[in-house]
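The values are calculated or read from the model by the stated rules, or taken from the named source; none is laboratory data. Being a predicted model, the structure only gives us computed values, none of them experimental. Cβ: placed from backbone, ideal geometry, glycine included. Neighbour counts: every protein chain shown.
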Amino acid sequence: MKELFLGLDCSTQGLTAVIVDFNSFQIIYKNEVNYDKDLAQYNTQNGVYINDDGITVHSNPIIWTEALDLLFHKMLKDKVAFNTILAISGSAQQHGTVYLNDTFEKRLQNLHPDSNLRDQILGSFSRKISPVWMDSSTSQQCQEIREKLGGIKKVIKLTGSNTIERFSGPQIRKFYQDQPEQYYKTNVIHLISSYMASLLLGKSAPIDHGDGAGMNLMNIATNQWDQDAIEATAPNLRVKLPSLVKSQEIIGKIAPYFTEKYGFSPNALLIAWSGDNPNSLIGVGLTSKGKVAISLGTSDTYFGYMEKLYLDFKGEGHVFGAPTGDYMSLICFKNGSLAREEIKNQFSLTWKEFSDMLLNTPPGNNGNIMLPYFFPEIVPLVLNPKVYRFGFDENNPEINVRAIVEAQLLSMKLHSRWIGEKASEIHATGGTSINTEILQVAADIFNLPVRIFELTNSAALGAAIRSAKSFYDSINQNNNWTEINESFLKLLVKEILYPNENVKELYEDMLLLYEKYEDYVLRGGENPEPFRQRFKTKCLKRDITKKV
Ligand code: XUL
């Protein structure tokens, strides 16, 4: 007898569904809607709209709404047995906000299966657009909130993160300042995760502690909305925020619109949605100390389970609630796959050619080093994008390919040093995690084994696993997280890459060099050219010895 659970992931570029069978421990179905291709009428690029200023980035919440119907239609066509799904949960790109007027609740309650979600929800928005995580236009608001709360250390202690451009609080403040009338007409402000959950639930859904921590509004120690943070953000905000719940909370049952239109069972449980990173934490099996994940996707992220609360007082890293009820660390790099694609496209390469170039170039890149800010960067904070090349120019494809990959991974290692719990293994996820050549560089730079999984969408998988855990808990068939990981995820491991010990020292040197270059370029530090020359000589010597 199958025991099916559905996980959805509303990401930057598309909406994905994954169905897992907990009887056979298998992923039995996967499908997706890509916003650029399947909903081309909205003219998004990689799922978003980037303004001419380069720092204002938004999407349109009606796209995600329409994508839900479209995805379920695709699943109907594939004859998915909706009525056998026991529970559903979801994931969404973090921080993005959806602004709704006082008709939203009524519209949700009256959804009719003869019409579609798009037409019935369209009139609910008090703001036509949703700022998303790629937006970095709120530096002024970040500063204002930070000052009101007593400075960077206090904000970090209170909310788990410094005030950050893409976080919901500063975004809400900007909306209130720029469009006060629309702000006052806003009845409820959802995260993308709780907005999507509301559609399925047929009423406004709560925000979970995982995604709620990405707003600069939730107290990270108590998991409650923080009155001071709320007051520092915008007037009358408390009443516009949904309630907060544990990520494992069963928030209700799926709404009649979906049971009647697609044939879901009216008993199908709905579990709180969370952010893509908290979901991925579960999807790659990080539920105990010592393991971290690298997610290579639109953004690259580095995250890990934390038993204890560690904070990054430099303000680059974040702490979110983990779906297990503990904590997780997260560092987000905006110049992820889009930056790798810039290089790939500049030389008209296929991904295979890109990977071959990585294979055929030496670790250390003969002392050539890049600082890859193709787009405004989150970590380290770079608002005016610029690509810096030291020792080479933009014409050589091989050097550029290795330079971008090494730079991204060195930066990850450098900026993840604040996390107190030492890692012993990296789990890889995200679209680019099929590229073993990139991951081998990760294994070498971190000097840790890298575990690769069959399924790259760990956020949707994590949502499916979370829904299963809550379902079994509800019928007192307690499965602990470790058992779930052991039984389910071990079947999904595709390969483990081991670090090459011969390049350990070389990459330690290169990390120091990379740090000096960041200091030079971003903070006016000393020019590290003499160090680079010494590093280059080491690289060349090493290369010759290898050849001999
Ligand atoms: C995390 C972050 C991104 C988004 C999009 O803080 O901004 O990872 O969640 O995936």
Using the structure shown, decide if Leu349 is at pLDDT below 95 and either surrounded by fewer than 21 Cβ atoms within 10 Å (Cβ to Cβ) or farther than 20 Å from Val387 by Cα (or both). no
Those residues of the range 151-173 which are closer than 30 Å to Leu108 by Cβ and away from the ligand (no atom under 14 Å from the Cβ), in sequence order: Ile172, Arg173
Quick one: is Thr482 closer than 30 Å to Ile251 by Cα and at pLDDT below 95? yes
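For (1) among the small types (Gly, Ala, Ser); (2) within 16 Å of the ligand (Cβ to nearest atom); (3) at negative phi; (4) buried (at least 21 other Cβ atoms within 10 Å of the Cβ), each residue gets a yes or a no:
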position: Lys2; (1), (2), (3), (4): no, no, yes, no
position: Phe25; (1), (2), (3), (4): no, no, no, no
position: Ile28; (1), (2), (3), (4): no, no, yes, no
position: Leu39; (1), (2), (3), (4): no, no, yes, yes
Can you tell me which residue in the range 172-223 is surrounded by the most Cβ atoms within 10 Å (Cβ to Cβ), limited to those that are of a type outside the set (Gly, Ala, Ser) and touching a Pro at 6+ places or on another chain (Cβ under 6 Å)? Ile207
Matching residues in the range 92-112 (more than 16 Å from the ligand (Cβ to nearest atom) and not in a helix (DSSP H, G or I)) number 8
Of the residues Pro363, Pro380, only one is within 16 Å of the ligand (Cβ to nearest atom), touching a residue at least 24 places away in the same chain (Cβ under 8 Å), part of a loop (DSSP other than H, G, I, E, B) and not aromatic (Phe, Trp, Tyr); which? Pro380
For the range 255-303, how many residues are within 13 Å of the ligand (Cβ to nearest atom) and part of a strand (DSSP E or B)? 10
Test: residue in the range 83-103 that is crowded, with 18+ Cβ neighbours inside 10 Å, aliphatic (A, V, I, L, M) and in contact with a His (Cβ under 8 Å, 6 or more places away or on another chain): yes
Quick check on the range 322-343. Is at least one of its residues farther than 26 Å from Cys10 by Cβ, basic (Lys, Arg) and at pLDDT below 95? no
Between a first residue in the range 505-530 that is part of a helix (DSSP H, G or I) and a second residue that is of a type in the set (Asp, Glu), which pairs have beta carbons less than 7 Å apart while being 6 or more apart in sequence or on different chains? Tyr507/Asp444; Tyr520/Glu526
Inspect the range 140-150 for any residue being within 16 Å of the ligand (Cβ to nearest atom) and either more than 17 Å from Pro61 (Cα to Cα) or not in a helix (DSSP H, G or I) (or both) and give the result as yes or no. yes
Could you tell me which of the residues Ser126, Ser130, Ser89, Ser115 is among the polar types (S, T, N, Q) and within 16 Å of the ligand (Cβ to nearest atom)? Ser130
Using beta carbons and a limit of 9 Å, which pairs, at least six apart or on different chains, have the first residue in the range 451-465 and modelled with pLDDT of 95 or more and part of a helix (DSSP H, G or I) and the second one surrounded by fewer than 24 Cβ atoms within 10 Å (Cβ to Cβ) and basic (Lys, Arg)? Ala460/Lys30
When the residues of the range 319-356 are narrowed to those that are aliphatic (A, V, I, L, M) and part of a loop (DSSP other than H, G, I, E, B), which ends up nearest to the ligand (Cβ to nearest atom)? Ala322
For the structure I just gave you, tell me whether Lys128 is surrounded by fewer than 20 Cβ atoms within 10 Å (Cβ to Cβ), part of a loop (DSSP other than H, G, I, E, B) and either in contact (Cβ under 8 Å) with a residue 24 or more places away in the chain or on the phi < 0 side of the Ramachandran plot (or both). yes
